[in-house]
Structures are given as structure tokens and as C-alpha cells.
């Protein structure tokens, strides 16, 4: 099943991943401490790293140098994002699929998995459950199937924005789905999507072919690689990259992600909005013997190195990982996490606390509630945020970089994080989380200079606490 008829690649379509070159760069990279520190200094100056410079960091295996990389990643994250962590939840809409990816429980040959597509009422049931917990940001996830075309996805997006319960509403809908043609992206852009996210899974051509059998739509490496380029050409402001770590050598995949980000920056003048780095997890009917599984130590290294390589790109750490590892890795540059997540179809209303492997794509490592995760973040000194202001005021794509690079974004992000946190505390939080949140807000307000904006922020916080006014953003 090849590329859809009449589907064209982007104007600048090219397979920019040269396996031989990336492997050679890794082989030749020197772990010389002065050179490693030179590369770290460039990153701390908030300059994106080139592939060869990223390889230098990947070559550094000495424990002292690795710790320097970790410390630099912590420092850079604080400079660019402060202590804010943005929260979201995934919502699986349908798991019917025409692909046969070896690592995925939803592959078409897996007859033991429960197939389902949410009807409108079922979608609204999931939205009600999510909004009643306090979620404001979702990523809708679709299998690759003819019924999940752009019109269907756009309808789901519109339903999600339209559905509201009390003070609850979804203000940002992102998409994780198969690559589309230009017209498909235009339809989703018109429906108001945020980020369109496509994971290449693996950038290594031979491994990609092994994982995605011939005759499936996903076997077309270039169509997938070019997917986010078409999204840019169709007017989508924000796109997200990702690789599934464990399919091939993790160092090669890091270079693949950096190569992809640099290609978008050079071609369209703006890089990817987010990068995700999920690791392989157990899944129903999936072989668990994989030669390239990534250890916790190397996982921490890859997160820190990605942070240094793409200073202004958002980095997403998912609930695939266990709570204790998430807590540790978050300091190395993560800016977004999911919380209270379920990856079963209908999982937010139907399955209770247990995970049902026959109904989910993979096993989650962290199934704590949103409130539990929020409380831990607050106790660890983070500022949880549900802010969506930049996307709704046009501070996206190139415009986002114009604000972010000089640091002006701090004038918006901290106040908006405080207002959205206050909404959560007033409307949804348990007493213990509310107490921790109120302490955090007091701490953050004390840091703000005495300006008219601070006075306005205090006024808005009173409005949220005393009235039904919500969504008061800068």
C-alpha cells in the first residue's frame, strides 16, 4: 500500500539523513575535554549545535564530563524556560491501523488487540472526564487508517474545542497522527490545531525498513520524513519531532533528530516546536527482545544532550517512564510532561486503575493522577502551567522564536503559568495540592518586579478566586 494517489512531497523534499555520514561522525567524534567544554559553552550561549558538535557530546563518556553535560543542561533549561513545566494528556481516538509496525500493539496483524474508534458521544465522555480533572491541553492520537482522514480528525478537533463542563475546557489540541498531504494539513490548521506531531520512529534506513514491512503505507521512509515539511508549507505553525529509542543505536537517533531540526530551520526559517524521546515499552503481542534498548543512564544522557543541541525547542517527557526517573530527568531540560494519562481507547472513563494491555498501545510507567503529579512538581520547586496564550495570540512558529530568543517570553510565561495554576487550585485541586500551590504562587509573585503588569496579575488572580472569570492571559 504505497503513497496515496495524487499526494505530492514538499517543494524541497530530500532525504537529508545520510546513514553513512552520521555513523562516520559518531565514529570520529573526539571526547577531548577541552572540545567538549567548548561545545557546552556554545550551547549555553543559546546557539543550536551542529551534528558534529552534538556528536562530540555523545562521545563524552567520562563520568566527570557527563556530569558537566548534565549541569549545563540544567542551567540552560532554567535560562530558557525557568522552572515552568507545561502539562497535557494524550487522548486516543482510534486504534484501527493499516500498518504492521513490529513494535506496536496496534499493528494490523495483532489479532489479540481490541479495535475501536470513539464515536462522538464517547469522545465527549472522555473530554468530560479530562476536563473534570482540570486538563486544558490534549494531544489527540490516531492510528493510520482510511477512516481517520483529515476531515475526521478535524471534526474531532472541533468537538474537543466545543465541549465544555463548568469551568472546564480544552484550550489547545495537538495531533499525533500519520503524515498528511498539503490539503489535509490545511484542513486541520483551519480547525485550530496546535502542534502536528510525527515520529520518524527510527532515522536509520535499514532498521526503518525492518520495522515497517513493504506494502504498508508507513514503509515509505521519505513520505514520513517529509511530513512535517508539508505541514509547514500548508501553514501549520508548530510541528513536533520524535524517535522511538530502542529500535537502533540511541546516539544515531539523537543525530537524526538534530539533523531533522536543522533541516527545518534551514529550509523554513523555524525549527521544530517540540522533540519527544519515548523509549520502547512492553506491549500486548509484541516481542520484548530488542538489541538496542536504552539504559536509564544513557536515557538521562540523551535527554541532556538534546537539551543542549536544540536550546529553544520544547522537550516532552512522557508517562512511559516511571515516576522516579521522570523526576530525575525533568531537571535536564524537559519543558512538557503528560500526567493522569491513559492510552487505552476509552481509558479515562472505563478501565479504572488497572492497565488493560489488550486495549492500549504500550504499558505506561506512570499512571498517577494529574493531582498527584501536580503536587510533586510543586513540592520540587516547579511551576506547573496549562498556559495556551502564545498559540492563541499568534506567538507561534517564527513569532514564538522572536519572543523566546531575547528572553521576552518570561514576561508572559510566568504570569500565565500563575493564572492557569490558580484556576486549577480553585477548581480542581485536593487540599494538599492547593496548599502546595498557594505557597508556590506566593514565592513566584515575590520574584516579580513591582510593575503595572504585576498589579494586573494580582487583580486577575482575585477575579479567578472570587468570580467565574477564567482564561485571563497576557
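The values are calculated or read from the model by the stated rules, or taken from the named source; none is laboratory data. Computed from a prediction, not measured in an experiment: that's the story for all the values here. Because the Cβ atoms are built from the backbone with ideal geometry, glycine has one as well, and the counts that use them run over all protein chains shown.
Of all the numbered requirements in (1) in contact with a helix residue (DSSP H, G or I) (Cβ under 9 Å, 6 or more places away or on another chain); (2) not assigned by TED's automatic domain parsing to the domain that holds residue 265, residue 67 misses one, and that requirement is (1).
Taking the stated definitions as given, is residue 262 closer than 26 Å to residue 206 by Cα and over 16 Å from the mean Cα position of the chain (by Cα)? So residue 262 fits the description; yes.
Scanning the stretch 109-133 for residues that are surrounded by 16 or more Cβ atoms within 10 Å (Cβ to Cβ) and without any contact (Cβ under 8 Å) to a residue 24 or more places away in the chain yields a total of 1. Taking the conditions exactly as written (assigned by TED's automatic domain parsing to the domain that holds residue 276, modelled with pLDDT of 95 or more and either more than 28 Å from residue 371 (Cα to Cα) or not in a loop (DSSP other than H, G, I, E, B) (or both)), does residue 303 satisfy them or not? So residue 303 fits the description; yes. Of all residues being over 21 Å from residue 355 (Cβ atoms) and within 21 Å of the chain's Cα centre (by Cα) in the stretch 270-294, which is surrounded by the most Cβ atoms within 10 Å (Cβ to Cβ)? Just the residue, please. Per the criteria, the residue is 277. Looking only at the stretch 322-347, residues that are part of a loop (DSSP other than H, G, I, E, B) and either over 20 Å from residue 83 (Cβ atoms) or free of Cβ contacts under 8 Å to residues at least 40 places away in the same chain (or both) come to 7 in all. When the stretch 110-153 is filtered for residues that are more than 26 Å from residue 218 (Cβ to Cβ) and part of a strand (DSSP E or B), only 137 remains.
Is there a residue in the stretch 381-388 that is modelled with pLDDT under 95 and either within 30 Å of residue 324 (Cα to Cα) or under 18 Å from the mean Cα position of the chain (by Cα) (or both)? Yes, the conditions are met somewhere in the stretch 381-388. When residues in the stretch 348-372 are screened for being in a helix (DSSP H, G or I) and either at pLDDT 80 or above or not assigned by TED's automatic domain parsing to the domain that holds residue 110 (or both), 6 of them pass. Out of (1) in a helix (DSSP H, G or I); (2) under 23 Å from residue 388 (Cβ atoms), the odd one out for residue 311 is which? If we test residue 311 against (1) in a helix (DSSP H, G or I); (2) under 23 Å from residue 388 (Cβ atoms), just (1) comes out false.
Note on the stretch 12-46: among residues that are closer than 30 Å to residue 149 by Cα and at pLDDT 95 or above, the one that is surrounded by the most Cβ atoms within 10 Å (Cβ to Cβ) is 17. The set of residues in the stretch 173-196 that are surrounded by 18 or more Cβ atoms within 10 Å (Cβ to Cβ) and part of a loop (DSSP other than H, G, I, E, B) comprises 177, 178, 179, 180, 181, 191, 193, 194. Restricted to the stretch 134-148, and to residues there that are buried (at least 17 other Cβ atoms within 10 Å of the Cβ) and out of contact with any strand residue (DSSP E or B) (no Cβ under 6 Å at 6 or more places or on another chain), the residue that is nearest to residue 90 (Cα to Cα) is 136. Scanning the stretch 353-382 for residues that are within 23 Å of residue 84 (Cβ to Cβ) and crowded, with 22+ Cβ neighbours inside 10 Å turns up 366, 370, 373, 374, 377, 378.
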